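The values are calculated or read from the model by the stated rules, or taken from the named source; none is laboratory data. Note that the structure is a prediction, hence the values are computed from the model and not measured. Here the Cβ positions follow ideal geometry from the backbone for every residue, glycine too, while neighbour counts run over all protein chains shown.
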């Protein structure tokens with residue numbers, strides 16, 4: 001079984017469903033409200049666990065009710081939460097508006113996530129015992145770099161999702177084995193709108209890149225190899241929240257199992273396709289049998 005460590009955020013998603021998102025200064029009436037466990041780190045952990053990996057979550061939740069629910073949700077998904085700290089402050093939250101086309105707008109308040117600035121010896125030991133480390137940018141950058149350094153020391157594959165998009169220091173890129181931006185993040189990182197050209201630019205800093213393209217699928221590029229594009233599965237989108245995290249979690253599992261890149265991309269795209277057909281973040285993520293069936 002593939003062993004995956006996730007160093008990342010854990011948030012409670014506060015989701016309002018509306019016909020259309022409000023413009024600046026405007027108030028609209030929603031039709032439904034839900035609280036759903038989320039956070040990019042936790043989402044990727046749940047996605048990988050449901051896809052069949054042995055997953056450990058490294059991060060922090062608050063000492064509030066949200067924290068207890070977040071921990072329980074991860075445990076229910078089969079994620080090891082032994083290294084998920086509880087700190088004396090509010091848990092992280094994500095305030096999400098989802099429109100009738102499945103699009104979303106999100107404001108993240110880090111809360112407890114902001115306290116994760118370094119690794120403990122137990123954190124590093126868990127990373128060392130893993131096949132891959134999944135990283136995102138909803139924790140302080142110092143912790144992300146520390147995780148990538150630990151993975152490199154122990155020969156563990158590092159998969160970085162550069163979201164929320166921000167300038168990436170060279171030291172982090174130098175420690176990244178696989179970078180997985182969406183097309184907007186790739187454009188922001190490179191200043192290039194075309195995903196294929198942006199991927200080529202990113203290969204100057206990292207050996208492998210997957211650019212997710214939403215309904216158009218995913219593009220894989222590696223140094224010295226021809227790019228590979230895999231189309232997305234057709235799906236009527238109900239809520240696209242966490243589709244990218246579902247893709248990354250499933251991709252890490254497929255690559256950890258030694259699948260060829262085109263097969264791994266196709267399998268991960270199927271997982272993402274299933275997730276957008278359901279509302280919510282972690283609640284929308286498919287199980288391995290569902291991915292295989294699709």
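I need a count of the residues in segment 148-160 that are closer than 18 Å to residue 207 by Cβ, part of a helix (DSSP H, G or I) and either more than 16 Å from the chain's Cα centre (by Cα) or touching a residue at least 40 places away in the same chain (Cβ under 8 Å) (or both).
4
Among (1) modelled with pLDDT of 95 or more; (2) on the phi < 0 side of the Ramachandran plot, where does residue 167 come up short?
(1)
Counting only residues that are without any contact (Cβ under 8 Å) to a residue 24 or more places away in the chain, give me the strands (runs of 3 or more DSSP E) lying completely in segment 1-76 with at least 2 of them.
32-38
Looking for something modelled with pLDDT under 95, surrounded by 21 or more Cβ atoms within 10 Å (Cβ to Cβ) and in contact with a strand residue (DSSP E or B) (Cβ under 6 Å, 6 or more places away or on another chain) - is there at least one such residue anywhere in segment 76-94?
Yes.
From the list 133, 139, which residue is touching a residue at least 60 places away in the same chain (Cβ under 8 Å), part of a loop (DSSP other than H, G, I, E, B) and buried (at least 21 other Cβ atoms within 10 Å of the Cβ)?
Of the residues listed, the single one that is touching a residue at least 60 places away in the same chain (Cβ under 8 Å), part of a loop (DSSP other than H, G, I, E, B) and buried (at least 21 other Cβ atoms within 10 Å of the Cβ) is 139.
Residue 173: assigned to a strand (DSSP E or B), surrounded by fewer than 24 Cβ atoms within 10 Å (Cβ to Cβ) and either modelled with pLDDT of 95 or more or over 20 Å from the mean Cα position of the chain (by Cα) (or both), yes or no?
No: the conditions fail for residue 173.
What is the number of the single condition among (1) without any contact (Cβ under 8 Å) to a residue 12 or more places away in the chain; (2) buried (at least 24 other Cβ atoms within 10 Å of the Cβ) that residue 98 does not meet?
Failing condition for residue 98: (1).
Which residue is nearest to residue 31 (Cα to Cα), if the candidates are limited to segment 249-282 and must be outside any helix (DSSP H, G or I) and touching a strand residue (DSSP E or B) at 6+ places or on another chain (Cβ under 6 Å)?
280
Give me the pairs: first residue in segment 102-123 and touching a residue at least 24 places away in the same chain (Cβ under 8 Å) and at negative phi, second residue surrounded by fewer than 15 Cβ atoms within 10 Å (Cβ to Cβ) and not in a strand (DSSP E or B), beta-carbon distance under 8 Å, and six or more apart or on different chains, which are they?
If the second residue must be surrounded by fewer than 15 Cβ atoms within 10 Å (Cβ to Cβ) and not in a strand (DSSP E or B), the pairs left are 108/164; 117/142; 118/142.
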